[in-house]
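S.K.: Can you keep this structure in mind? I'll have questions shortly.
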Amino acid sequence: DIRRIAIVGSGLAGLTAAIKLKQQGHNVTVFEKSRGPGGRLAAKRVADGSVDMGAQYFTSRNPEFLPFLTEFAGDSSFAVWNGRFGFQDKEGQWQAFPDEPRYVGTPRMTAISRGLSAHATVVAETRIESLARTDKGWALSDSNAKLTGEFDQVIITAPPAQTRDLLAQSNLPELTAQLDDAVRRVLPCWAVAAHFEENPWPRHEGMRCDHPVLFWVANNSSKPGRTSQDQDDKGVWWVLHANPEWTERNVDASPKQVATELIAALREVTGTEVAVTDALTHRWLYARSEGGGHPGHLWFQEQGIGLAGDWLSGGRVEGAFNSACSLVSACTASAVS
Ligand code: FAD
């Protein structure tokens, strides 16, 4: 029973599903709207390396996760990020995060998606806009209304709002309605990477902030494999993430203004006066999912359509992996309708 399966999205969920389905002998094609794979495992190139603009690190509580990454992304594609991680309590005192291994892609987050994508057929720069049922299965149309083949099953791993749009365009109202609550639970995030002349805050490598602007800040250069080769260069990249409320209020602000305000907020939190020599900005409209149930995946047997992604399983990197694994079990256990 070899099936033709289309996967929309090449983030961790899409790539995990592709590899697992291919391992079982199915014929799998992944469609990705961006130029490269990875989704929110994202990094931007800078003169002396790259900075992680999306996911900052991941944990591994599912014993299958790290062996999967080792086998398919390669054991040099990720490493433990040793550091001091803290948060400020109500009295303004710094407290330590619970002790557990935190992993990052090396030398950048996208090393993981790059490694995984070598084991999948990924068609990049192809935004899937609608699905149409034909007598030979599901036909997918991209933004040029070009048909991209016929499939027995379709797996969608886009964030909830994009998944809902795709289902709505495909005239599947009964599926679309199931996404409304999930769409409301997705939080946006303005991200800034700032290059400081020297380390502005040597006390922590990553901090969760209780601040009107900032949610999280981290010393990106302290992650394994990021440091500049130039010993004389004392410059350090920090990544600053605004909290969802501030991001929502400033969603249309200019990137320059956002960089100025987030850097000013970091100065307020740390008291640093170290000069900033460069800054990059990225706006995530769909950064994290909060609350809600965690069904793992959604599988619509009658249509042969499955949904996976972090938002169905805890809203984190490892959740994206878990969600893909649970959907693969469900869709391969059922007959093609
Ligand atoms: P995505 O990575 O979003 O993948 C979906 C893919 O689908 C994307 O590549 C997208 O381009 C593609 N796509 C969408 N629509 C279409 C379409 N119509 N056609 C074709 N392709 C399409 N998690 C942690 O565990 N730890 C953290 O520290 C952490 N920090 C974060 C900080 C930020 C700022 C952000 C944005 C996220 C963070 N996360 C963190 C969350 C983590 O990045 C995600 O949980 C995880 O990467 C989601 O993977 P995914 O495969 O479910 O979705």
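S.K.: Could you list all residues from segment 149-189 that are among the hydrophobic types (A, V, I, L, M, F, W, C), assigned to a loop (DSSP other than H, G, I, E, B) and surrounded by fewer than 23 Cβ atoms within 10 Å (Cβ to Cβ)?
M.R.: Leu172
S.K.: Shifting gears a bit: Filter segment 305-337 for residues that are within 12 Å of the ligand (Cβ to nearest atom) and in contact with a His (Cβ under 7 Å, 6 or more places away or on another chain) and give the result. Let's see the steps before the verdict.
M.R.: Keep residues of segment 305-337 that are within 12 Å of the ligand (Cβ to nearest atom), which gives 307-324, 327.
Correct list: Leu307, Ala308, Leu312, Ser313, Gly314, Ser323, Leu327.
S.K.: Exactly one condition in (1) within 20 Å of Gln95 (Cα to Cα); (2) in contact (Cβ under 8 Å) with a residue 60 or more places away in the chain is not met by Pro202; state its number.
M.R.: (2)
S.K.: Can you name the residue in segment 292-333 that is in contact (Cβ under 8 Å) with a residue 24 or more places away in the chain, hydroxyl-bearing (Ser, Thr, Tyr) and more than 17 Å from Leu41 (Cα to Cα) and is also surrounded by the fewest Cβ atoms within 10 Å (Cβ to Cβ) among such residues?
M.R.: Top of the filtered list is Thr332.
S.K.: For Ile7, state whether it is within 11 Å of the ligand (Cβ to nearest atom), of a type in the set (Val, Ile, Thr) and either part of a loop (DSSP other than H, G, I, E, B) or crowded, with 17+ Cβ neighbours inside 10 Å (or both). Before you say what the answer is, go through the steps one by one.
M.R.: On the way: within 11 Å of the ligand (Cβ to nearest atom): yes; of a type in the set (Val, Ile, Thr): yes; either part of a loop (DSSP other than H, G, I, E, B) or crowded, with 17+ Cβ neighbours inside 10 Å (or both): yes.
Yes.
S.K.: If you go through segment 51-64, how many residues are crowded, with 22+ Cβ neighbours inside 10 Å and more than 9 Å from the ligand (Cβ to nearest atom)?
M.R.: Here the count works out to 1.
S.K.: Does Asp210 qualify as being loosely packed, with under 15 Cβ neighbours inside 10 Å, without any contact (Cβ under 8 Å) to a residue 12 or more places away in the chain and out of contact with any Leu (no Cβ under 7 Å at 6 or more places or on another chain)?
M.R.: Numbers: loosely packed, with under 15 Cβ neighbours inside 10 Å: yes; without any contact (Cβ under 8 Å) to a residue 12 or more places away in the chain: no; out of contact with any Leu (no Cβ under 7 Å at 6 or more places or on another chain): yes.
No: the conditions fail for Asp210.
S.K.: What number of residues in segment 35-80 are aliphatic (A, V, I, L, M) and more than 18 Å from the chain's Cα centre (by Cα)? Spell out how you get there, then give the answer.
M.R.: Going residue by residue through segment 35-80, those that are aliphatic (A, V, I, L, M) are 41-43, 46-47, 51, 53, 55, 66, 69, 73, 79-80.
Right, trim to more than 18 Å from the chain's Cα centre (by Cα) and you get 46-47, 80.
The qualifying residues number 3.
S.K.: Next question, about the same structure. Looking at this structure, is Val336 within 30 Å of Asp152 (Cα to Cα), in contact with an Asp or Glu (Cβ under 6 Å, 6 or more places away or on another chain) and of a type in the set (Val, Ile, Thr)? Walk me through how you get there before you give the answer.
M.R.: Values: within 30 Å of Asp152 (Cα to Cα): yes; in contact with an Asp or Glu (Cβ under 6 Å, 6 or more places away or on another chain): yes; of a type in the set (Val, Ile, Thr): yes.
Answer is yes for this residue.
S.K.: Now for a different question. For segment 281-297, what are the residues that are within 13 Å of the ligand (Cβ to nearest atom), of a type outside the set (D, E, K, R) and either out of contact with any Phe, Trp or Tyr (no Cβ under 7 Å at 6 or more places or on another chain) or at pLDDT 95 or above (or both)?
M.R.: Let us first name the residues in segment 281-297 that are within 13 Å of the ligand (Cβ to nearest atom), namely 281-290, 294, 296-297.
Okay, now just the ones that are also of a type outside the set (D, E, K, R), so 281-282, 284-287, 289, 294, 296-297.
Correct list: Thr281, His282, Trp284, Leu285, Tyr286, Ala287, His294, Gly296, His297.
S.K.: Out of segment 244-271, which residues are surrounded by 19 or more Cβ atoms within 10 Å (Cβ to Cβ) and either among the small types (Gly, Ala, Ser) or under 20 Å from the mean Cα position of the chain (by Cα) (or both)?
M.R.: Thr247, Ala259, Ala265
S.K.: Taking Leu187 as meeting all but one of (1) within 12 Å of the ligand (Cβ to nearest atom); (2) touching a residue at least 60 places away in the same chain (Cβ under 8 Å); (3) more than 24 Å from the chain's Cα centre (by Cα), write down the number of the exception.
M.R.: With (1) within 12 Å of the ligand (Cβ to nearest atom); (2) touching a residue at least 60 places away in the same chain (Cβ under 8 Å); (3) more than 24 Å from the chain's Cα centre (by Cα) applied to Leu187, the lone miss is (3).
S.K.: Quick one: in segment 28-50, of everything that is more than 15 Å from the ligand (Cβ to nearest atom) and aliphatic (A, V, I, L, M), which residue is farthest from Gly306 (Cα to Cα)?
M.R.: Among those that are more than 15 Å from the ligand (Cβ to nearest atom) and aliphatic (A, V, I, L, M), it is Ala47.
S.K.: Within segment 190-242, which strands (runs of 3 or more DSSP E) (wholly inside it) include 1 or more residues that are among the polar types (S, T, N, Q)? Full working, then the answer.
M.R.: Values: elements: 206-208, 214-219, 236-242.
Per the criteria, 214-219.
The values are calculated or read from the model by the stated rules, or taken from the named source; none is laboratory data. Computed from a prediction, not measured in an experiment: that's the story for all the values here. Heads up, the Cβs are rebuilt from the backbone with ideal geometry, glycines too, and the neighbour counts pull from every protein chain shown.
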